[in-house]
Every structure is written in C-alpha cells, then in structure tokens.
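Q: My questions all concern the structure below.
Bear in mind that the values in this text are calculations on the coordinates, not laboratory data. Quantities reported herein were computed from a predicted structural model and do not represent experimental measurements. Every residue, glycine as well, gets a Cβ built from its backbone with ideal geometry; the counts of neighbours run over all protein chains shown.
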Amino acid sequence: MGLFRKVVSVRPNQVGYLYRNNKFLKRLTPGIYKFFDFLREFDAVIIPTISKLITVTNQEVLTKDNISLRLSYILEYQITDGNIFISRFNLFESHQNYCYTNLITEAESVVHNLSQVYLREEIASIESQELNKRKKEILNHIPESLQIKLNSYGISVHQLIIKDIYFPKIIQQLFAQQLEAKIRSKLDLENARTTVATARALKNAAELMKNNENIKFIQFLETISKIATQGKHTFIVGDIQNQNLSKD
C-alpha cells in the first residue's frame with residue numbers, strides 16, 4: 001500500500017498548494033499529509049512564506065553624465081500572494097512534483113532581472129558626482145515601478161540596499177584630485193586667516209608702542225645695552241648742566 005501513498009510535507013514558514021489532475025484542490029498549512037494515490041493524480045507545490053535575501057553583483061550601469069560603473073546590491077523579497085505567484089509559473093512538468101528549488105530559482109530570477117532594469121533607470125537619472133555623494137540617500141529605496149511590477153508576480157520587495165559602487169580607475173583618480181583640491185583650498189584659507197590675524201596683531205602693537213613713553217624708554221635702554229657690549233663707553237643720561245651744578 002505504501003507504493004500508492006503520496007506524502008506531502010509542508011514545513012513551518014511554508015504553504016502548500018495541492019492539485020489533483022492538474023486542478024487546484026486545497027491549500028495546505030504546515031504539517032505532513034498522506035494521500036492514497038493509486039493513479040498518481042496528486043501534485044503539490046510548496047512555497048516559502050518568509051522573506052529571503054539575494055545579492056546581485058557586478059551590474060554595469062550608466063549614469064546621467066554617461067559614466068559607466070558597476071554596482072552590487074542586496075535585495076530582500078517575499079512571496080506575499082501565493083495565488084498570484086503560482087499562476088505566473090509553470091508548476092508541473094510531466095505530472096511530477098515541481099522541484100521546490102527550481103521554483104525559488106525562477107522567482108529569484110524574476111526579482112534579479114526586474115531589479116536590474118529598474119535600478120538602471122534610476123541611476124540613469126543621476127549625475128556621477130551626485131551618486132558618489134548621496135548613494136545612501138538616493139539609491140537605498142525601492143522604486144515604485146519595481147514594486148508594482150513584482151506585485152504582479154505575487155512578490156513584494158522589503159529592502160533594496162546598495163552594497164558597493166565601483167567607478168572606473170580614471171574616475172576614481174579624478175575624484176581623489178577633486179578631494180585633494182578641496183583640502184588644499186581649506187588649508188590655504190586657514191593660512192590666509194592666520195596671516196591676516198598676525199598682521200592685525202602687529203599693527204595693534206605698533207599703534208600701542210608709538211606713543212608710549214615707557215616703551216620708548218625700554219627701547220632706549222636696550223639700544224644702550226647693545227652699544228655697551230661692543231666696547232668701553234660713557235653714557236650721560238639727563239641734563240648735563242643740572243648735574244654739574246649739583247656737584248658744586
């Protein structure tokens with residue numbers, strides 16, 4: 001009797017669709033189902049109900065200013081409407097159970113190809129410099145047109161995250177030169193500000209020393225000290241006549 005028994009296993013986070021003679025019979029929740037299938041009339045399709053991640057790498061795209069680059073991105077999708085989903089794929093071949101792996105491979109192929117198309121359109125509207133500066137802000141969202149198209153397959157996209165952007169080497173060098181020029185301009189501006197501040201301080205000091213008798217006297221003493229170090233000299237400070245009278 002075991003030869004004529006069909007066993008269908010629906011695991012957690014899965015849903016099953018049971019067919020008899022290629023006609024939909026019922027929806028199967030997680031569990032193990034056994035059917036007497038002497039004439040091999042039953043087929044079952046199992047699809048996941050949880051979201052999955054796929055990584056798309058090295059996709060060549062063209063920016064608005066005709067810069068060719070490659071990017072990699074991560075996409076999280078989920079089969080949200082099983083009825084629509086199974087209606088869009090060829091579920092059975094030669095009346096054999098359709099392979100679960102093949103079904104998911106086909107679904108991911110659809111997600112992969114459509115996301116490529118719509119992401120290319122999105123990037124084609126962005127300048128390369130803007131893309132480099134604002135890639136997280138601009139690209140890490142799901143194009144509405146992509147979501148609508150995948151919904152027609154019973155699939156929804158929850159996340160689309162740009163992982164890497166690879167610019168051609170010559171463009172990378174230009175970006176590096178631009179960054180270097182910005183850094184140099186900032187340094188030049190700071191040096192100019194320092195020079196102006198120093199000049200202003202010297203001017204203020206000169207104005208302060210210009211009419212200050214104490215500073216003049218200190219400068220006078222410094223001058224005498226320098227002269228005195230070069231030989232023997234006699235210095236008379238003050239009124240000579242008054243000094244002679246005081247001695248008498």
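Q: In nm, what is the difference between 0.36 nm times the number of residues separating residue 163 and residue 222 and their Cα-Cα distance?
A: 14.2 nm
Q: Okay, moving on. Between residue 76 and residue 127, how high is the FRET efficiency from 1/(1 + (r/R0)^6) when r is the Cβ-Cβ distance and R₀ = 35 Å? Nearest 0.05.
A: The pair residue 76/residue 127 has a calculated efficiency of 0.80.
Q: Hey, another quick one. How many nm is it between the label spots at residue 134 and residue 83, if each spot is 7 Å from the Cα in line with the beta carbon?
A: Using points 7 Å along Cα→Cβ, the separation is 4.2 nm.
Q: Per residue of segment 76-86, what does 6.51 cos²θ - 1.76 cosθ + 1.60 with θ = phi - 60° give for ³J(HN,Hα)? Whole Hz please, x for Gly and Pro, Karplus curve as stated.
A: 9, 10, 8, 7, 9, 9, x, 5, 5, 4, 6
Q: Moving to a separate point now. 7 Å from Cα along Cα→Cβ at both residue 9 and residue 188: what's the point-to-point distance in nm?
A: Those two pseudo-labels are separated by 7.2 nm.
Q: Which far-off residues, 5 or more places away or on another chain, put their amide H under 5 Å from the one on residue 126, with H placed in the peptide plane?
A: 64
Q: Working out 0.36 nm times the residue gap between residue 156 and residue 25, then minus their Cα-Cα distance, what length gain in nm do you get to one decimal?
A: Values: separation 131, 0.36 × 131 = 47.16 nm, distance 2.58 nm.
That pair, residue 156 and residue 25, stretches by 44.6 nm at full extension.
Q: Which order do peptides 6-18, 57-69, 184-196 fall in by mean Cβ count within 10 Å, highest first?
A: Ranked from most to least packed, the peptides come out as 6-18, 57-69, 184-196.
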